[in-house]
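Step one of this worksheet: look at the structure below.
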Amino acid sequence: MNKKIDIYLAGPRGFCAGVERAILMVKEAIKKYGKPVYVRHEIVHNKYVVNSLTKEGAIFIEELDEIKNKNRPVIFSAHGVPKSVPREAKSLNLLYFDATCPLVSKIHREVEIFEKEDLPIILIGHRNHPEVIGTMGQIKSKIYLVEKAEDVSKLPFKNNQKIAYVTQTTLSIDDTKDIIAKIKKNFTNVKEPKKNDICYATTNRQEAVKAIAGKCDYFFVIGSNNSSNSLRLVEVAKNYGAKNCKLIENVNDLDNGILKNIKTIGITASASAPEILIKNLLRRISKIYQINIIESDFEKENIHFKIPSILKEAS
């Protein structure tokens, strides 16, 4: 009999409503318009998802000029795009669909409103992330990017100048809280978003990891290296007591050696990682250990985002 091991499964975990909507849009577009359907940028940051959709008939590109057949539809990724991208699509007479997560679109609207109010805008986020590029490309005015608390002191504003801020949706709740506190400390007239910009799924998944990290000898986060919400989950697990933590993109790449001499494992999946990858990891561990799964008690997320009605006709 294999040695017994306790596995704590974080909950909630895996796909969020924005990811589900984006993937469904690609699938419905293929169903309605046939193959291929182009997708600008990875629809979500997960290789398993991208490879699966490629097999179904999606072609992933980085820029619209890579589209060989201009009669084929193109879908913009869930991370959002600068306004220059739909303009280019129109100039090329492309049929396009925007799969930007509605929670990212909310931030796009916020920066437009702040610009109309003539407010300097701070964006808390990670440079070169597609969501940040998309948000900074919504308006003509300059947006000041802040990646860490130390950047706040470099901002060129007067102490009493009225300013505004927004945040990337997939950040660490704790890190963002520190940055916002520094902004409010340095500036006395700060306009905030009406609601927290960090999305519900990011918040819920980080809180779920916090609840179990301290019980785990090893913590596995299933997600991709270019996924912001995946990387933040790794940071949270480390900061909240997991003795070791590893980001896993491909379960087959897991070295069995790191599973030796441990008694407890924590597992979660980022908002862009499907549940099947959790099952594959459990299957892998069960070949080495007799596993005892301890599932977190949590309320199911009941948020759903609609896809465009023109794509619903394909159903």
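Read-outs: derived from the displayed coordinates by stated rules, not from any lab. Keep in mind the model is a prediction, meaning the values are calculated, not measured. Methodologically, a virtual Cβ is constructed for each residue, glycine included, from the backbone with ideal geometry; neighbour enumeration extends over all protein chains shown.
Some points to look at:
- For the chain, size of Cβ-based charge dipole, Lys and Arg +1, Asp and Glu -1, in debye: 220
- Since only Phe97, Ala201, Ala10 are under comparison, the one whose Cα sits farthest along the positive direction of the charge dipole of the chain, derived from C-beta charges on Lys, Arg, Asp and Glu, is Ala10.
- Neighbour-count ranking [beta-carbon atoms within 10 angstrom, fewest first] of Arg284, Arg40, Arg205: Arg284, Arg40, Arg205
- Counted charge near Asn225, where neighbours are those whose Cβ lies closer than 11 Å (Asp, Glu -1; Lys, Arg +1): 0
- Label point distance in nm, Asn51-Asn256, each placed 7 Å from Cα along Cα→Cβ: 2.1
- The charge dipole of segment 103-191, taken about the Cα centre with unit charges on the Cβ atoms of Lys, Arg (+1) and Asp, Glu (-1), comes to about 280 debye, rounded to the nearest 20.
- Total charge dipole magnitude, segment 237-315, about the Cα centre, Cβ charges on Lys, Arg, Asp, Glu only, Debye to nearest 20: 340
- Each residue, Lys158 and Asn128, gets one label point 7 Å from its Cα in the Cβ direction; the gap between the two is 3.7 nm.
- When peptides 248-258, 4-14, 267-277 are sorted by average Cβ neighbour count within 10 Å, with the highest value leading, the order is 267-277, 4-14, 248-258.
- The residue list Pro120, Asn229, Asn261 was ranked by how far each Cα lies along the charge dipole of the chain toward its positive end, using unit charges on Cβ atoms, and Asn261 comes out on top.
- Potential extension, Ser141-Leu282 segment - 0.36 nm per residue separation minus Cα distance: 45.9 nm
- Ordering Leu155, Met136, Asn189 by Cα displacement along the dipole of segment 103-191 toward the positive end leaves Asn189 in first place; charges were set at the Cβ atoms of Lys, Arg (+1) and Asp, Glu (-1).
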